[in-house]
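None of the figures in this text is laboratory data; all of them are computed from the coordinates on show. Predicted, not measured: the structure shown is a model, and the values here were computed from it. Ideal geometry is used to build each Cβ from the backbone, glycine not excepted, and the neighbour counts take in all protein chains shown.
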Amino acid sequence: MPSSVGVKAERLFTAKAVQHAHLVMMAAASSDALRKHCNGCAMSQTLEELGWRPFFGAQISEDDVAGCHPARVMAVHRGKIAVAGAGAMQLIPPYVVDASVPEDHPTVGDWVLVDEVTLEIRRVLQRENLFKRQAPGTDKKTQLIAANVDTLFIVASCNKDFSPARLERYLVLAQEVGVQPVVILTKTDLTDTPDMFAAAVRDLRPGLLIEAVNGRDRVSVARLATWCGRGQTVALVGSSGVGKSTLVNSLRGSDGIMTQAIRKGDDTGHHTTTVREMHRLAGGGWLLDTPGMRELQLTDAGSGIAEIFDDFVEAAEHCRFSNCTHEVEPGCAVRAAIADGRLSSTRLDRWRRLANEDIYNRASPTERRALDRIATRGSTRKK
């Protein structure tokens, strides 16, 4: 339960934010970039409509109210972010004074306290959840993806680009963060066997929510609005070319997001989303679109991997040896389950790959070099 101080401060915040909104909107009216981002979005909304909850109100004090107001990060651009508060939207610098780690900086979906005079971010409020990944490359930089998400739409297309392994990566990410995943199968109009793709998804995890839609048919897409009610936030992830931008356009009831045709031959596509941003939906919710992520790497996702592959974890508990590698050891319960059809060797390979990736991403630079040498020796022996 929020404290009385937090509730009082939250009320003061709301009143001050509304009063401050008119000044901000007048100052921001000359910004072409801001008007472009706000195209199709309501320029006036309450904090609750933006997703404000007692969880955030409990974090503020009466001292915080003096000279600042809460705002939610609606889009992340190069060198600036678009934020919205009670009745106002503005572009501000993304930098946080005294920030020491990547998690101290704001990402789309975050709630921040903004100084009313300098427009500097005083601090990022504690998040309900945070999606992050290992940035592409060999260094251990962390890239923040989205914060304060209620539901994760994992989008996959019913064509040659369909990949159970990629879906499992997103499921691990959702499990690790603690957000409900919903798998959205798109481009159902381009296949005669949509049930085959749905069955492949169901094999990944019992009870997984699945919706098959034609992204260009707004009637078909309308049932997804169940997860997009007032103040609710849905994140959208998936590789390039699966129809994310088309899906967003249908949910918004507009064609404001550029889409591109898939490449012939491999059914993959090009990135059509260049910034992470939140889109207002007719039902009052917010849909967060992210650039396609071909190189999704896992960071500290051990528990998420264990949950998604809980059938393998359970079987491994019955192996004769606690350090069993599930290859040639006698008494391996995992190999026995594969032999009698309860588990599959394909999923075993994916489990190993994700587990090894997680170990590698958590390793220090010295440990990584040692793992690289082991991998090189192993590949040389296979040749």
> Using modelled backbone amide H atoms (1.01 Å from N, in-plane), which distant-in-sequence or interchain residues come within less than 5 Å of Ala146's amide H?
Replying inline: Phe131
>> Please list, in order along segment 182-194, the HN-Hα scalar couplings obtained from phi with the Karplus expression 6.51 cos²θ - 1.76 cosθ + 1.60 (θ = phi - 60°), rounded to whole Hz, x for Gly and Pro.
In response: 10, 7, 10, 8, 9, 6, 5, 6, 9, 9, 8, 10, x
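Would you kindly state how much longer the chain becomes between His77 and Arg352 on full extension, computed as 0.36 nm times their sequence separation minus their alpha carbon distance, in nm to one decimal? Before the final figure, lay out each step's value.
Numbers: separation 275, 0.36 × 275 = 99.00 nm, distance 3.64 nm.
Once the chain is fully extended between His77 and Arg352, it gains 95.4 nm.
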>> So if each residue of separation counts as 0.36 nm, and I subtract the Cα-Cα distance between Ala66 and Gln143, what length gain in nm does that give?
In response: 24.5 nm
> In whole Hz, what ³J(HN,Hα) sequence does segment 243-248 give by Karplus (6.51, -1.76, 1.60; θ = phi - 60°), x for Gly and Pro?
Replying inline: x, 5, 5, 4, 5, 4
>> Once R0 is set to 41 Å, what does the formula 1/(1 + (r/R0)^6) return for the Cβ-Cβ distance between Glu329 and Leu208, expressed as a FRET efficiency to the nearest 0.05?
In response: 0.80
> When ranked by the protection proxy of mean other Cβ atoms within 10 Å per residue, highest first, what sequence do the peptides 310-322, 60-72, 165-177 form?
Replying inline: 165-177, 60-72, 310-322
> Once phi is turned into θ = phi - 60°, what whole-Hz ³J(HN,Hα) does the Karplus curve with 6.51, -1.76 and 1.60 give for every residue of segment 217-230, x standing for Gly and Pro?
Replying inline: 9, 5, 5, 5, 6, 4, 5, 6, 5, 3, 8, 10, x, 3
> Too long at a 26 Å Cα-Cα cut-off: which of Lys160/Lys244; Lys80/Lys187; Lys132/Lys160; Lys132/Lys187; Lys132/Lys244?
Replying inline: Lys80/Lys187; Lys132/Lys160; Lys132/Lys187
